[in-house]
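Trainee: I am attaching a structure below and will ask some questions about it afterwards.
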Amino acid sequence: MRRTVYKNSDAPVDTFTVSISDLMSGLLAIFILVLTYFILNFSQATAQLTQNDINRAELLHLIQRELEKEGVKVTVDEQHGILRISEGVLFDLGQADIKPEGQVVIQKLGNILGNTLETEQFKGKVETIFIEGHTDNIPINTGIFPSNWELSVKRAINTWLTMSNSNPKLTTLLNNKNELIFSVSGYAETRPVKGNNTDAERQENRRIDIRFSMSPPSDEDMSVVKFVKGRLNSNE
């Protein structure tokens, strides 16, 4: 005989299990949204950092080429974002006054910088341009310069004054935070590019560096990058 089984529609429902299931589904949805947010922001921030390196390299080499057209030879350190001018081009040994031929070089550089930074390709892309004075490790002690610190700073200041006087527009250039772009600093002998063991090495260390720092991603995007990198490093 065939038996028919009827289900009781009034059977009690396990509301606890249903609630937990709904809660887990909701948490999963939130996790997916948060993960998507992190992925998008991380990708955007890292892409901008990479693009910054590309933009900076293009900017440096463009300025170098424009200076070469004017008969001025400079060195580019692409890795550190530096346009390098040797001491002999600008200064006499132990002096901070720019030589007449050096003033021509700086004036040409100022005009090229002013025009290049205002182009659509680079406008708002540079956060700071540091004009840095560097010396060798031979001590100096004169009435004007008690040490290499004073000499390096004064050289950087005079470079900036010559540059800005020839092109006053440079004093008005702002980054995307509405801050002035140009900055001046002196490092004495503390950041040599060579060993300071020979006259040739010391001559290379005596220089003016024009260092370019590009505008970073937003603080929010950078916090995502730092968080993800921190998690990756902790799992190594």
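Trainee: Simple spin-label model, 7 Å along Cα-to-Cβ: Ser19 to Ser213 in nm?
Mentor: Taking the two extended label points, one gets 5.5 nm.
Trainee: With every protein chain present, what is the per residue accessible area of segment 167-206 (1.4 Å probe, Å²)?
Mentor: 60
Trainee: Accessible area per residue of segment 49-127 at 1.4 Å probe, in Å²?
Mentor: 51
Trainee: Can you give the net charge of the other residues whose Cβ lies under 15 Å from the Cβ of Asn141, counting K and R as +1 and D and E as -1?
Mentor: -2
Trainee: Something else about it: Of the listed peptides 169-181, 147-159, 200-212, what is their order by residue-averaged count of other C-beta atoms within 10 Å, with the highest listed first? Kindly include the intermediate steps, with their values, before the conclusion.
Mentor: On the way: 169-181: 13.2, 147-159: 21.5, 200-212: 20.0.
Ranked by mean Cβ neighbours within 10 Å, highest first: 147-159, 200-212, 169-181.
Trainee: Next question, about the same structure. Treating only the Cβ of Lys, Arg, Asp and Glu as charged (+1, +1, -1, -1), what charge dipole size does segment 121-189 show about its Cα centre? Round to the nearest 20 debye.
Mentor: 380
Trainee: Could you order the peptides 103-112, 79-88 from most to least packed, using the average number of other C-beta atoms within 10 Å per residue?
Mentor: In descending order of packing, they fall as 103-112, 79-88.
Trainee: Dipole of segment 70-226, Cα-centred, from +1 at each Lys and Arg C-beta and -1 at each Asp and Glu C-beta, to the nearest 20 debye?
Mentor: Charge dipole, segment 70-226, about its Cα centre: 180 debye, nearest 20.
Trainee: For Leu161 and Asn197, compute 0.36 nm times the residue count separating them, minus their Cα-Cα distance, and round to one decimal in nm.
Mentor: Between Leu161 and Asn197, full extension yields an extra 9.7 nm.
Trainee: Let me check I've understood the local charge: for Phe130, count other residues with C-beta under 15 angstrom from its C-beta, Lys and Arg +1, Asp and Glu -1. What total comes out?
Mentor: Net charge around Phe130: +1.
The values are calculated or read from the model by the stated rules, or taken from the named source; none is laboratory data. Because the structure is a prediction, the values reported are computed rather than measured. Reconstructed Cβ throughout: ideal geometry from the backbone, glycine too, with neighbour counts over all protein chains shown. For accessibility, only protein heavy atoms count, side chains too; no ligands or nucleic acids. Shrake-Rupley method; radii C 1.70, N 1.55, O 1.52, S 1.80 Å.
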